[in-house]
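The values are calculated or read from the model by the stated rules, or taken from the named source; none is laboratory data. Please read all numbers here as calculations on a predicted model, not as lab measurements. All Cβ positions, glycine included, derive from the backbone under ideal geometry; neighbour counts span all protein chains shown. Just the protein is used for accessible areas: all its heavy atoms, side chains included, with ligands, DNA and RNA removed. Shrake-Rupley method; radii C 1.70, N 1.55, O 1.52, S 1.80 Å.
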Amino acid sequence: MRILLVEDDSEQLEPLQTALTEAGHIVDGVDDGAMAQWLLSQKDYDLLILDWMLPEVSGVSLCRQYRQMGKTSPVLMLTAKDTTPDKITGLDAGADDYLVKPIDILELLARVRALGRRSPMWQGDILRLADLQLHLDTLVLERDGIAIELAPREFHLLEYFLRHPNHVLSRDQIEQALWEWGSEPESNAVTALIRRLRQRLQLVSAADWIETIYGMGYRFKPTIEQVVSRKS
């Protein structure tokens, strides 16, 4: 999932962002509410993790504003406030879950997995297109009984393609979807990543499913003749 993590304490932000990234998520981590507000106006997220007490704009205010925008992705609040009235305030603002500090990383990851199943983007643990499958929990590509373990960035690119089949996706769209906010990928990063993913797909005879649309970007779609011949 693409996650927005907002925590003003760098000693907590960094390990939380690292744990979420190592779990396979794309994480935009920021330390103040105003920056989070701007990001929410620019990007779509599968999950928000918000600290209650933030500079500029509180996590509760962010959550409330997010719901007023009509956004439905789940929100997890992080806070030291553990009284029932505080929990009610957060939940009434639109939060889906509540985690009291100090944060246990394993519990956080478990709650993230559970909330991910509520995301509007949730399509189950396996994404499918024709006879190709991508296992989201193991980063494994499978076709005709052949299983290929993908590197994280290769996995995210294939996941992005599978969630937007037959769509022409520009380099800018791919960069925004796969790289964290504030990072600066090399100018040839997308080209190199496409090449690596094609090499992986070649192992299951699907390299030509990635179509280069010159001057526009890339499109992912099955080669119909190939799918039909494999079924026959």
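Among the candidates GLU56, GLU22, single out the residue that is of a type in the set (D, E, K, R) and on the phi > 0 side of the Ramachandran plot.
GLU56
Looking across region 52-88 at every residue that is touching a residue at least 40 places away in the same chain (Cβ under 8 Å) and more than 20 Å from the chain's Cα centre (by Cα), the one that is surrounded by the most Cβ atoms within 10 Å (Cβ to Cβ) is identified as GLY59. The single condition among (1) of a type in the set (Gly, Ala, Ser); (2) surrounded by 15 or more Cβ atoms within 10 Å (Cβ to Cβ); (3) in contact with a strand residue (DSSP E or B) (Cβ under 9 Å, 6 or more places away or on another chain) that ALA189 does not satisfy is (3). Determine if region 106-113 includes at least one residue that is closer than 23 Å to TRP179 by Cα and free of Cβ contacts under 8 Å to residues at least 60 places away in the same chain. Yes. Only one entry in ARG111, ARG118 is surrounded by 14 or more Cβ atoms within 10 Å (Cβ to Cβ), among the charged types (D, E, K, R), modelled with pLDDT of 90 or more and more than 19 Å from ASP8 (Cα to Cα), namely ARG111. Close Cβ contacts (under 7 Å, 6 or more residues apart or on different chains) running from residues in region 1-26 that are closer than 16 Å to TRP181 by Cβ to residues that are open to solvent by less than 20 Å² (accessible area, probe 1.4 Å) and assigned to a loop (DSSP other than H, G, I, E, B) comprise MET1/SER119; ARG2/TYR45; ILE3/TYR45; LEU4/TYR45; LEU13/GLU7; LEU16/GLU7.
Inside region 151-191, residues that are over 25 Å from TRP38 (Cβ atoms), of a type outside the set (Phe, Trp, Tyr) and part of a helix (DSSP H, G or I) make up a count of 8.
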